[in-house]
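Here the structure comes first, spelled out in structure tokens, and everything after it is commentary.
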Amino acid sequence: MSTGIQTDGKSRTAQGAAMRVLIALSASHMLNDIIQALLPAIFPLLKSQFTLSFTQIGLITFVFQFTSSLLQPLVGIYTDRRPMPYSLPFGMGLTLCGLVLLATAGGFPMILCAAALVGAGSAIFHPEASRLARLSSGGKHGFAQSLFQVGGNFGSSLGPLLAAAII
């Protein structure tokens, strides 16, 4: 009888640990997507401060979307073969470096580099974070993915608000 209680206790402990991991992943996803959402939110500021054309704004968007969207499946293929949990902080760090470079940019080429760094950081972060959410799901894959996505969606909505508050 006591073995059944221990298993129950261990099961609850494992579920609690899994939930903490999922919440941490969701919070990380929120932070990543806040930074991603800041870039388009400050396009009007960049346009006026650097006297950019709409073509240049479009090029910034292209570089950002190219690195974040098109590199992501390639990173996913690679990390499916060789899981790299350390790619989460590396991706977040790369995104942060892009944001810092954007804050100190002296011209259009630096803005493009910053956009590429933000996008690449996001491309590195998302596949491995999603994989870890699934691993932490305890068989509840839909719930785990949904909780992970809530963080990203919340971050995407907070980014422009944060930009407005800062500016």
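Only one residue in GLY142, GLY106 is over 16 Å from the mean Cα position of the chain (by Cα) and not in a helix (DSSP H, G or I). Which one?
Just a single option satisfies the conditions, and that option is GLY106.
When the residues of the range 149-165 are filtered to those that are farther than 14 Å from SER122 by Cβ and in contact with a helix residue (DSSP H, G or I) (Cβ under 7 Å, 6 or more places away or on another chain), which remaining residue is most open to solvent (accessible area, probe 1.4 Å)?
Ranking the candidates gives PHE154 first.
Might you let me know whether the range 114-129 holds any residue that is surrounded by fewer than 20 Cβ atoms within 10 Å (Cβ to Cβ), touching a Leu at 6+ places or on another chain (Cβ under 9 Å) and assigned to a helix (DSSP H, G or I)?
Checking the range 114-129: not a single residue is surrounded by fewer than 20 Cβ atoms within 10 Å (Cβ to Cβ), touching a Leu at 6+ places or on another chain (Cβ under 9 Å) and assigned to a helix (DSSP H, G or I).
If you go through the range 139-146 one residue at a time, do you hit one that is open to solvent by 20 Å² or more (accessible area, probe 1.4 Å), of a type in the set (Phe, Trp, Tyr) and modelled with pLDDT of 95 or more?
No - not one qualifying residue is present in the range 139-146.
Considering each of LEU59, LEU96 in turn, give the residue that is over 19 Å from ARG134 (Cβ atoms) and modelled with pLDDT under 95.
LEU96
Count, please, the residues in the range 2-55 that happen to be at pLDDT 90 or above and among the small types (Gly, Ala, Ser).
The qualifying residues number 8.
Looking at the range 15-41 only, could you name the residues that are within 17 Å of GLY121 (Cβ to Cβ) and of a type in the set (Val, Ile, Thr)?
Within the range 15-41, ILE34, ILE35 meet the criteria.
Picking from GLN36, GLN15, GLN56, GLN49, which residue would you name as being within 13 Å of the chain's Cα centre (by Cα) and of a type in the set (S, T, N, Q)?
Going through GLN36, GLN15, GLN56, GLN49 in turn, the sole match is GLN36.
If you check VAL75, VAL100, which single one turns out to be open to solvent by less than 40 Å² (accessible area, probe 1.4 Å) and over 13 Å from the mean Cα position of the chain (by Cα)?
Of VAL75, VAL100, the one residue that is open to solvent by less than 40 Å² (accessible area, probe 1.4 Å) and over 13 Å from the mean Cα position of the chain (by Cα) is VAL75.
For LYS47, only one of the following conditions fails: (1) of a type in the set (D, E, K, R); (2) in contact with a Gly (Cβ under 6 Å, 6 or more places away or on another chain); (3) open to solvent by 40 Å² or more (accessible area, probe 1.4 Å). What is its number?
In the conditions (1) of a type in the set (D, E, K, R); (2) in contact with a Gly (Cβ under 6 Å, 6 or more places away or on another chain); (3) open to solvent by 40 Å² or more (accessible area, probe 1.4 Å), LYS47 misses (2) alone.
The values are calculated or read from the model by the stated rules, or taken from the named source; none is laboratory data. Everything numeric here is computed off the predicted structure, so don't read it as measured data. Reconstructed Cβ throughout: ideal geometry from the backbone, glycine too, with neighbour counts over all protein chains shown. To get the accessible areas, we keep the full protein, side chains included, count just its heavy atoms, and leave off ligands, DNA and RNA. Shrake-Rupley method; radii C 1.70, N 1.55, O 1.52, S 1.80 Å.
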